[in-house]
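Notes to accompany the following structure.
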Amino acid sequence: MGRYKSQIMVVLGLFLAILIAVVAFLGGVKVDVEITVVPPGAGEVEGQGEYGSGKRVVLKAHPEEGYVFYQWVQKGERFARDPEHAFQIWENKRLEAQFLTIEGVLQDHIQISSRPENGGTVEVETYNAHPSKILLTAIAEEGYDFTGWEVDGEKVKTKLQYVANIHEKKDIIAEFTEVEE
């Protein structure tokens, strides 16, 4: 029995040495995260640089004034759409951080109108609390009161402001009623 015990110890020692070498090798492999901002100047990003293979990467997008963050793209495919995204890295990544202008969002993603048309307007701006949302503010014309928001045919809110996610196509209507005198 003693003879087998020493052979088992040798095999376990070799296994442990190989395991330590593999872990050291993987920790020593460096990979890069490269990020291109699209369109140039639309925002700033955090998370690019060199990492050890297997490490955690946290990407953060910060749009410039007048822009909102839309998505992270790798090789023409959506990689993630949240402005803050974490993942474990094993190989080099080349990503695009795509931003949209507010005008682009209103043209392609969210349709905004007033009912009646002469009852008021909607002011649209970036929503500082979240880089992928916009803030809508209803402004009633003289002789009208704001009564609520309708989103895709459903009444959702009566407060003057509404926060909209740019990733969901929506039809948003600011409703106004004429003031009785």
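Which residue out of GLU175, GLU181 is more than 19 Å from ALA61 (Cβ to Cβ) and either basic (Lys, Arg) or assigned to a loop (DSSP other than H, G, I, E, B) (or both)? Let's see the steps before the verdict.
Values: GLU175 fails: either basic (Lys, Arg) or assigned to a loop (DSSP other than H, G, I, E, B) (or both).
Step by step, each of GLU175, GLU181 is checked, and only GLU181 is more than 19 Å from ALA61 (Cβ to Cβ) and either basic (Lys, Arg) or assigned to a loop (DSSP other than H, G, I, E, B) (or both).
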Go through the residues of region 140-162 one by one and say whether even a single one is in contact (Cβ under 8 Å) with a residue 24 or more places away in the chain, closer than 30 Å to LYS60 by Cα and surrounded by 14 or more Cβ atoms within 10 Å (Cβ to Cβ). yes
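Suppose we filter region 72-111 for residues that are without any contact (Cβ under 8 Å) to a residue 60 or more places away in the chain, of a type outside the set (Val, Ile, Thr) and over 30 Å from LEU160 (Cβ atoms); how many remain?
To start, the set of residues in region 72-111 that are without any contact (Cβ under 8 Å) to a residue 60 or more places away in the chain comprises 72-80, 82-90, 101-104, 106-108.
With of a type outside the set (Val, Ile, Thr) added as a condition, the list becomes 72, 74-80, 82-88, 90, 103-104, 106-108.
Next, from what is left, pick out any that are over 30 Å from LEU160 (Cβ atoms): 72, 74-80, 85-88, 90.
Final tally of qualifying residues: 13.
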In region 85-111, residue nearest to TRP72 (Cα to Cα) [restricted to those that are among the charged types (D, E, K, R) and part of a helix (DSSP H, G or I)]: ASP108
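Kindly provide the set of residues from region 113-139 that are more than 25 Å from GLU84 (Cβ to Cβ) and surrounded by 19 or more Cβ atoms within 10 Å (Cβ to Cβ), ordered by number. Give the derivation first.
So the first thing to find is which residues in region 113-139 are more than 25 Å from GLU84 (Cβ to Cβ), and the list is 113-123, 137-139.
Within region 113-139, SER114, GLY119, GLY120, ALA138 meet the criteria.
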Hey, does region 46-63 have a residue that's touching a residue at least 24 places away in the same chain (Cβ under 8 Å), touching a Lys or Arg at 6+ places or on another chain (Cβ under 9 Å), charged (D, E, K, R) and over 13 Å from ASP32 (Cα atoms)? no
Within region 63-75, how many residues turn out to be within 15 Å of LEU95 (Cβ to Cβ) and surrounded by fewer than 14 Cβ atoms within 10 Å (Cβ to Cβ)? 2
Residue check, SER114 against (1) under 27 Å from VAL37 (Cβ atoms); (2) touching a residue at least 60 places away in the same chain (Cβ under 8 Å); (3) among the small types (Gly, Ala, Ser), all met but one. Which one? (1)
If we keep only residues of region 112-136 that are among the small types (Gly, Ala, Ser) and assigned to a strand (DSSP E or B), then the residue nearest to ALA164 (Cα to Cα) is SER113
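Okay, residues lined up against (1) farther than 30 Å from VAL45 by Cβ; (2) assigned by TED's automatic domain parsing to the domain that holds THR36:
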position: ALA86; (1), (2): no, yes
position: LYS93; (1), (2): no, yes
position: GLU123; (1), (2): no, no
position: ASN128; (1), (2): no, no
position: ILE134; (1), (2): no, no
position: THR147; (1), (2): yes, no
position: GLU150; (1), (2): yes, no
position: GLU168; (1), (2): no, no
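Have a look at LYS93, LYS60 and point out the one that is charged (D, E, K, R), modelled with pLDDT of 95 or more and surrounded by 19 or more Cβ atoms within 10 Å (Cβ to Cβ).
Details: LYS60 fails: surrounded by 19 or more Cβ atoms within 10 Å (Cβ to Cβ).
The unique qualifying residue is LYS93.
Looking at TYR67, is it hydroxyl-bearing (Ser, Thr, Tyr), in contact with a Leu (Cβ under 7 Å, 6 or more places away or on another chain) and touching a residue at least 24 places away in the same chain (Cβ under 8 Å)? I'd like the intermediate steps shown before the answer.
On the way: hydroxyl-bearing (Ser, Thr, Tyr): yes; in contact with a Leu (Cβ under 7 Å, 6 or more places away or on another chain): yes; touching a residue at least 24 places away in the same chain (Cβ under 8 Å): yes.
Spelling it out, TYR67 is indeed hydroxyl-bearing (Ser, Thr, Tyr), in contact with a Leu (Cβ under 7 Å, 6 or more places away or on another chain) and touching a residue at least 24 places away in the same chain (Cβ under 8 Å).
The values are calculated or read from the model by the stated rules, or taken from the named source; none is laboratory data. Just so it is clear, the structure is predicted and the values come from calculations on it, not from any experiment. So basically every Cβ, Gly included, is an ideal-geometry build from the backbone, and we count neighbours across all protein chains shown.
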